[in-house]
Protein chains: 6
Amino acid sequence: MRILLFNPNTTASMTETGLKAALGVAAPDTEVVARTAAMGPVSIEGYYDEAFAVPAVIEAAAAAEAEGFEAFIVACFDDTGVEAARCRVGIPVLGICEAALLMTSPLAKRIAVVTTMARAIVPLTELVHRYGLSGRVTVYAADIPVLALEDPASDASARIEAEIAKALAAGAEAIVLGCAGMADLADRLQQTFGVPVVDGVTAAVTVAEGLGRLRRRTSKRGTYAPAVPKPYIGLLASFAPPG
Amino acid sequence: MRILLFNPNTTASMTETGLKAALGVAAPDTEVVARTAAMGPVSIEGYYDEAFAVPAVIEAAAAAEAEGFEAFIVACFDDTGVEAARCRVGIPVLGICEAALLMTSPLAKRIAVVTTMARAIVPLTELVHRYGLSGRVTVYAADIPVLALEDPASDASARIEAEIAKALAAGAEAIVLGCAGMADLADRLQQTFGVPVVDGVTAAVTVAEGLGRLRRRTSKRGTYAPAVPKPYIGLLASFAPPG
Amino acid sequence: MRILLFNPNTTASMTETGLKAALGVAAPDTEVVARTAAMGPVSIEGYYDEAFAVPAVIEAAAAAEAEGFEAFIVACFDDTGVEAARCRVGIPVLGICEAALLMTSPLAKRIAVVTTMARAIVPLTELVHRYGLSGRVTVYAADIPVLALEDPASDASARIEAEIAKALAAGAEAIVLGCAGMADLADRLQQTFGVPVVDGVTAAVTVAEGLGRLRRRTSKRGTYAPAVPKPYIGLLASFAPPG
Amino acid sequence: MRILLFNPNTTASMTETGLKAALGVAAPDTEVVARTAAMGPVSIEGYYDEAFAVPAVIEAAAAAEAEGFEAFIVACFDDTGVEAARCRVGIPVLGICEAALLMTSPLAKRIAVVTTMARAIVPLTELVHRYGLSGRVTVYAADIPVLALEDPASDASARIEAEIAKALAAGAEAIVLGCAGMADLADRLQQTFGVPVVDGVTAAVTVAEGLGRLRRRTSKRGTYAPAVPKPYIGLLASFAPPG
Amino acid sequence: MRILLFNPNTTASMTETGLKAALGVAAPDTEVVARTAAMGPVSIEGYYDEAFAVPAVIEAAAAAEAEGFEAFIVACFDDTGVEAARCRVGIPVLGICEAALLMTSPLAKRIAVVTTMARAIVPLTELVHRYGLSGRVTVYAADIPVLALEDPASDASARIEAEIAKALAAGAEAIVLGCAGMADLADRLQQTFGVPVVDGVTAAVTVAEGLGRLRRRTSKRGTYAPAVPKPYIGLLASFAPPG
Amino acid sequence: MRILLFNPNTTASMTETGLKAALGVAAPDTEVVARTAAMGPVSIEGYYDEAFAVPAVIEAAAAAEAEGFEAFIVACFDDTGVEAARCRVGIPVLGICEAALLMTSPLAKRIAVVTTMARAIVPLTELVHRYGLSGRVTVYAADIPVLALEDPASDASARIEAEIAKALAAGAEAIVLGCAGMADLADRLQQTFGVPVVDGVTAAVTVAEGLGRLRRRTSKRGTYAPAVPKPYIGLLASFAPPG
């Protein structure tokens, strides 16, 4: 099976972190290819950046399907552009927030998402709500910029551990790491804290593999039906839905 | 007060419809200027088109604030890009779905939204849920393309009336028109059916005026804080949040 | 446009506070007339007082409509008698809790209502729930009697500020003042705290103006249909619904 | 144990119906006294009538407590004035909608409330929601005036049976009769339809008896704390909360 | 009326505690018989023990009905096996969590359940949610094993009081005791704390008496229809539903 | 990876159906072993049968862990005993309802579960609610006994197809088959109806494989902590939690 892991921000080192984690869990017969957005923000921190990351996501999803990939993963915990991409392609499109919640939910009742910036708490809480887990999930923020995760000199790791400790004291039974840039931390944190610590990139790889083995793809009836062919103009003309 | 009414699709006739309706309700001391997106889809029909309408929305919101407009209205019933735009500017940003629901909710308990395409039912139902009115609002679709509203030869009007009749029979007490292109129909339909029929464009003008008189603007604390300055690259580089 | 601002308690100084605030935001072509209840409690603090404030509300609403007013505002944050009044008249009837939430919701995601007495927390939380904003609004109480707001020697103002500070620390992005008697505080508190601070009386004036310009009135189909004509007896006989 | 069964409308024949049903279920050591409102509407049909029934409810509750009654039942399915009365007295105050739902919920998962007028569907649905049973209860209306129940020549009974049949076909497993005036129909309808048919008046008698045996009364901490002593003026001056 | 009070764990002293409390509230014409499970766990602490307590519950319910008892109470706050038992018998089956919530809900808006072990917080919170009271109930745990309640030398009582104090400080208006073994504490704690303190065993006796007087039994339509006759094999063969 | 697929009813032919489906999707390096309950009901149809299927589930889960299996699947759409089993073992325990919903949710917004007996609609609707998907999932029943699925002469298949057609007409975008005995139908039905048709047995195999590759197991903190060691007596003594 061939999976495209797409980093919707333009920071290649974060793509590398994700790919390395993905390869650590992929099945022997799975090929994971990682790509970095060639346009858009260097990091996605809130609704604004997210809006400008979507065109690259769509473009990459369409290309992935055309090249024969069988699943497409958006490696940003905001699940940026996932619903739009599902209208564009038939192969499964997975967000890493969704995948992390799916794979954690059979393991624990009360789950803490630990993310980076405080301003993401509301959008991620809305995302959790969309996935139906409001009653079981609380979102915590370590109050660090996303790119601090790429900087070994930052105190990002210590701050994340402090939030996990706080969440466990408040009753959390498992941890979900709320940023693609944390993919390399999951195993160590699980060892430190003794509860399941789930990263979305690796979770998404396994969900993609599962859908591949089940031979199930995106429904083309209703919400995710192909966009109606029509002209787009100006800067974004090339994104017009194909006829 | 100066309000910018922005049509996020590229169909100028729809902008005209909206502007005419807006001028019909604006206060004597309000100036409404309407603009049409210069890039993106000719009509917005579902998650896919929506994604490509957002950049034009942000650009227009930033320009409006820079030019001294005091409120910005996104004239598409998907409330396309509204949350992202709120992170970009301090002037109030209003979606027409949100505004229509706000102004209808004191008038009736059970509200029917009547929109165009069936595939919009799920996204609009999610939008209604986000605005907290799930228990009171049902979404109906007339099953017509958005641009049929611009075509006098289509049976759009008859189909919309049929859906309204169905909604009233099921207990609806007021109607919200679920597409900017229906702005000119509200008065006639209200007369025909004898219940409040609310259009979002005109509703948004009055909410904008209200916020102007109250001198209240978007909170810059938390979710709608300004996007963190950072580089964007490629096609969308010019949208990078200002420092 | 002519709006009747009705204070459902019998304390005239509170009516004055509300009227002054209302006039500060009303459009040039709006006339606001304020009236004080001639029967009922001097202040409304909980379910009990509320029950005895309703007859005056209905009487005033009916009179307002008969005199040609085009909107009716109930200036008590419990939205006392609002639903009953909507069954009595066709002009829009607005509660100030509802109006404040409507006008604040486009400005911020997480909202704190700061009210007076602790015992109002449950009724106001239920009211917020009725308006669909449970997930976004938290109610705080300054633990002061309503009439302390009319007493310059009280520490009401300091206690309100303390609650606002607490709410902001807990993540609130905007403040709604939860008592008609606070209408004069909004501008100063907004300046102090740097977030939108919304008062319900002024918010209701702008919603009333908006509905006036939209020419939309209460639906008379279903829930708010006119009360069925029938005899009332005893003390309240004069309130029988007209035939 | 002594229970006061209060009919908040002024129609004495309905009081008689309720009392007869109450006596049919009361324990041997229970005394049930029934009283009819001496002021207010002849029947309660929607928010408007309800507002004017509340003062009589409060007056009767206070008198009941003063006379040594140990529980107070409001025999109207809108649970008119129940929350305000709880702020006035310490003895348990029961609404018949609440009591019927409480006693039916252990007997069946899906419950249909069958009421009189269509306009009551929204208020009763809100009441069901307040009691936490939204997911399990659907409200049906036989579309008859309340007083038709008192008129043997009306087709009220046939219409109620038709609604019950419709509810059962849609999956209801038990029926709650949604009007005090239906108290005498429960046994017969239960026999006819072979599912539990619960009337609120009799249900409330048993809940009152239960609270009596448990020696549990209304909490005076928080929401139902006694109303703060203060002057009331005008027509309603005599209702001012005692000091 | 004859009620069977069944303790689904095998600790007879806990049965005695429950029976004594039950007799303290039962009507003069009620006979309460208590039985202890003859198979299964000595105490029920979480999902695991609960699973093995169910067969004894069903067996006891079937026997109770065969012997002419008119109601069956499961005296464990997890409401162990209550839904399965309802499919087996026609007499009312009551859980003590459900009964306690039913009888407390008319007395107070905000309710605290105080239970024993911390691991029960999630299952009891789910149970509260099933009964529709999520918005009004918070679950606290004294962090003691169930059987500590039977040991006079333990500090169970002090820990329970500490949790009640914490709950009241957080706004609780009434207390529900979250374990059958606490049935003897309710009166004393009510006296100490001055708010309603409700025990489920006694609450269930009064609900059972109420349903008896109402002559209402479990609905046999839909969810609680008798189990379809079929063979069971092995250890549990004798539990096969009768034909 | 070694997975134990456990059929909690005693009908071996249903185990065979499940195993065959499971092997059709398992990865090359996965070993699936299927076992049939040696005690309990021949089919699980509602709360009653479910209760008596749980002991066999727990026994099988404990044995599976002891024998080195790395995941345990309960192949009944009621997710019988899944939560209790999670308290007994550390390896992941998956219900097929949960797994089917997890794997379908990224593929479609509106999902229909099509099950066998009408009486299962309420329990399955509660299960869907527990998994957070109430707003997106509707449960349909073909009104056939479970074992009709094993009988080629029955009209089970035609009835299931009729329910699917009804669900699609009502807006469903994907189908989940609501019984382990339908595992062999999924591929054919997907072909017939052109939307994703997901079976829980195969879905659970892929979720188990995913958790295996992620090396994530059940949290032992909080709700799923090991049952406290204690004696069990009588018929079920051997199930006492180990010390």
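A few notes on this one:
- Within the range E:64-93, restricting attention to residues that are in contact (Cβ under 8 Å) with a residue 12 or more places away in the chain, among the small types (Gly, Ala, Ser) and out of contact with any Ser or Thr (no Cβ under 6 Å at 6 or more places or on another chain), the residue that is farthest from the other protein chains (Cβ to nearest Cβ) is E:68.
- Output for the range C:197-208, where each listed residue is at the interface with chain B (Cβ under 7 Å from one of its Cβ atoms) and touching a strand residue (DSSP E or B) at 6+ places or on another chain (Cβ under 8 Å): C:198, C:207
- Residue in the range C:214-223 that is modelled with pLDDT of 95 or more, more than 14 Å from chain D (Cβ to nearest Cβ) and in a helix (DSSP H, G or I) present: yes
- Residue in the range A:23-59 that is farthest from the other protein chains (Cβ to nearest Cβ), counting only those that are in a loop (DSSP other than H, G, I, E, B) and under 30 Å from residue B:243 (Cβ atoms): A:44
- Just one of (1) modelled with pLDDT under 95; (2) within 7 Å of chain E (Cβ to nearest Cβ) fails for residue F:232. It is (1).
- Qualifying residue in the range D:136-159 (condition: within 13 Å of chain E (Cβ to nearest Cβ), in contact (Cβ under 8 Å) with a residue 12 or more places away in the chain and either buried (at least 22 other Cβ atoms within 10 Å of the Cβ) or part of a loop (DSSP other than H, G, I, E, B) (or both)): yes
- Among the conditions (1) surrounded by fewer than 24 Cβ atoms within 10 Å (Cβ to Cβ); (2) hydroxyl-bearing (Ser, Thr, Tyr); (3) under 30 Å from residue E:53 (Cβ atoms), residue F:192 misses just one, which is (3).
- In the range E:100-135, the qualifying residues are those that are farther than 24 Å from residue D:128 by Cβ and without any contact (Cβ under 8 Å) to a residue 60 or more places away in the chain, and the one that is surrounded by the fewest Cβ atoms within 10 Å (Cβ to Cβ) is E:118.
- Considering the conditions (1) surrounded by fewer than 24 Cβ atoms within 10 Å (Cβ to Cβ); (2) within 14 Å of chain F (Cβ to nearest Cβ), residue A:162 is excluded by exactly one of them, (2).
- Among the conditions (1) surrounded by 23 or more Cβ atoms within 10 Å (Cβ to Cβ); (2) away from chain D (no Cβ under 14 Å); (3) assigned to a loop (DSSP other than H, G, I, E, B), residue C:6 misses just one, which is (3).
- Residue under evaluation residue F:81, criteria (1) at positive phi; (2) surrounded by fewer than 24 Cβ atoms within 10 Å (Cβ to Cβ), criterion not met: (2)
- Odd one out for residue F:13, checked against (1) over 13 Å from the mean Cα position of the chain (by Cα); (2) surrounded by fewer than 24 Cβ atoms within 10 Å (Cβ to Cβ); (3) within 14 Å of chain E (Cβ to nearest Cβ): (3)
- Of the residues making up the range D:37-51, those that are buried (at least 21 other Cβ atoms within 10 Å of the Cβ) and on the phi < 0 side of the Ramachandran plot are D:37, D:41, D:43, D:44, D:45, D:47, D:48, D:49, D:50, D:51.
- Scanning the range B:94-120 for residues that are touching a Pro at 6+ places or on another chain (Cβ under 7 Å) and either within 11 Å of chain C (Cβ to nearest Cβ) or at pLDDT 95 or above (or both) yields B:94, B:98, B:104, B:106, B:107, B:108.
- Any hit, the range A:198-213, residues being free of Cβ contacts under 8 Å to residues at least 24 places away in the same chain and crowded, with 24+ Cβ neighbours inside 10 Å: yes
- Residues that are surrounded by fewer than 17 Cβ atoms within 10 Å (Cβ to Cβ) and either touching a His at 6+ places or on another chain (Cβ under 9 Å) or in a helix (DSSP H, G or I) (or both) do not occur anywhere in the range D:172-185.
- Residue list for the range A:124-135, filter: in contact with a Ser or Thr (Cβ under 9 Å, 6 or more places away or on another chain) and either hydrophobic (A, V, I, L, M, F, W, C) or in a strand (DSSP E or B) (or both): A:124, A:128, A:133
- Residue within the range A:230-243 that is within 22 Å of the chain's Cα centre (by Cα) and without any contact (Cβ under 8 Å) to a residue 12 or more places away in the chain present: no
- Screening residue F:194 on (1) out of contact with any Asp or Glu (no Cβ under 7 Å at 6 or more places or on another chain); (2) on the phi < 0 side of the Ramachandran plot; (3) within 13 Å of chain A (Cβ to nearest Cβ) shows it passes everything except condition (2).
- Taken over the range B:176-194, the criterion of being closer than 19 Å to residue C:217 by Cα and touching a Leu at 6+ places or on another chain (Cβ under 7 Å) is satisfied by B:176, B:177, B:185, B:186, B:193.
- Answer from C:54, C:74 - the residue that is crowded, with 23+ Cβ neighbours inside 10 Å and touching a strand residue (DSSP E or B) at 6+ places or on another chain (Cβ under 7 Å): C:74
- Of the numbered criteria (1) under 30 Å from residue A:36 (Cβ atoms); (2) more than 14 Å from chain A (Cβ to nearest Cβ); (3) of a type outside the set (A, V, I, L, M, F, W, C), the one residue B:184 fails is (1).
The values are calculated or read from the model by the stated rules, or taken from the named source; none is laboratory data. Note that the structure is a prediction, hence the values are computed from the model and not measured. Note that each Cβ is placed from the backbone with ideal geometry, even for glycine, and that neighbours are counted across all protein chains shown.
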